[in-house]
Amino acid sequence: MENCLYMKQRICSIEVLNEFDIKLHTMINEWRKAGDNNELICEDCGQQVILRAGDVRIPHFAHKPGTKVLCSYDERDSEDHRRAKKIFYQYFRRYYPVVLLDLNHKLPNGQRCDLFVTFPSNVNLIIEYIGQGINSKEFRLKKSYYTSLGYTVIWFLGAKALVEKSSKGFITEIMLNEETRIAHILDVQNETILFMRLMEYSEAKAGVIKYQEPYQEKYPLSSIKIEPSGKILSPFDAEYEKAYTVFIEKCSEAEAKQEEKRRLHEERLKAGWKAIDYHSLEKQKRDRENYERRQQKRQSFPTEKVATSISPLKKKRDEWLNRINVADLNECERILDQCRTGLLNVQNRKKRVPHHEDYYSIWLKKCMNMFELAKKDGERANFAELKRRLYDPLADLL
């Protein structure tokens, strides 16, 4: 908690820091001594509290150890949440010295807001910071309640909301539904604010959003001004208008190209060219001209067939390549001699043993006949094939 009662007066723990975040040790020692003397009282439950102002966490009040009474005001905020409240508290204290600042202000329904600012003109402004674990339902309920009371509220999101998947839809919801249509993301470490707004392009006829793109810029908190009306003055509006103009031009060009493509497609459908691509029309025209040119050339040639002559040298070369050489002829004679000898041996054995090895003699006769034809024909290919198919199986028997 940031507030408590001291000598029946409401005090804030952020007051122990000046605008440059330097601790005021005189005030810290006084309030610590008051806490030890049970003079600091929780404004919610009436129990004693103490001041905690170390070097790590933001200064705050806490119930004394051993307090058994449950206090709703003792709900612990995250360190980023405390730092955000401290940043805005010091901001308004620096730029609006006469305003009344109330951290964790209690509303009529019992809820509390992060910072309640009352200006001299009796204008009220509420600052709300939403860190991790964004609850859209809770946000809508708070927003409707503030609206019913007539309060102006500025919502700031934590920097971690940009990373969380569950928060991206919530950021879009704020950009679409807020009056300014701008989402503000606070970086508590660097004390900068990221402004984010959607750039939308709608169709001229239907009015439906066709293109959507976020635009964002970051500024130091010290370079912007938060007015009592809730308006934030920054260079973002001017820069957004420039970017939006460029975005509209790009979308218009893209839509014009799509419209031209659609029109050409409709023309092709009307012409019956469903499967013809627009870019192939010129190619078809060139192909048609080339075809007609070839037809004219063919008609100019004589219709008689011209006999093709083969070169004599080529003819002799082919004959020489296919001719059986001397080595093959000698091999053929050797095979024939072996076949004749084998056939005589079979016939001699057949005289002694009738019907002996008839199949062998038949194979030898066939082999001899085929090799005689190959020798007469003189083609190398035929001889090699016969040797492989007929002689090689008999080579071991001859």
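Here are the numbers:
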read-out	value
Evaluation of Tyr6 against (1) surrounded by fewer than 17 Cβ atoms within 10 Å (Cβ to Cβ); (2) more than 25 Å from Leu186 (Cβ to Cβ) (one fails), failing number	(1)
Residue tally, condition touching a residue at least 24 places away in the same chain (Cβ under 8 Å) and outside any loop (DSSP other than H, G, I, E, B), over region 53-74	6
Options Tyr129, Tyr89; residue that is closer than 13 Å to Gly158 by Cβ and crowded, with 18+ Cβ neighbours inside 10 Å	Tyr129
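Laboratory data are not the source of any read-out in this text; all were calculated from the coordinates shown. Predicted model only: the values in this text are computed from it and were never measured. Cβ sites come from the backbone with ideal geometry, for glycine too, and all protein chains shown count toward neighbours.
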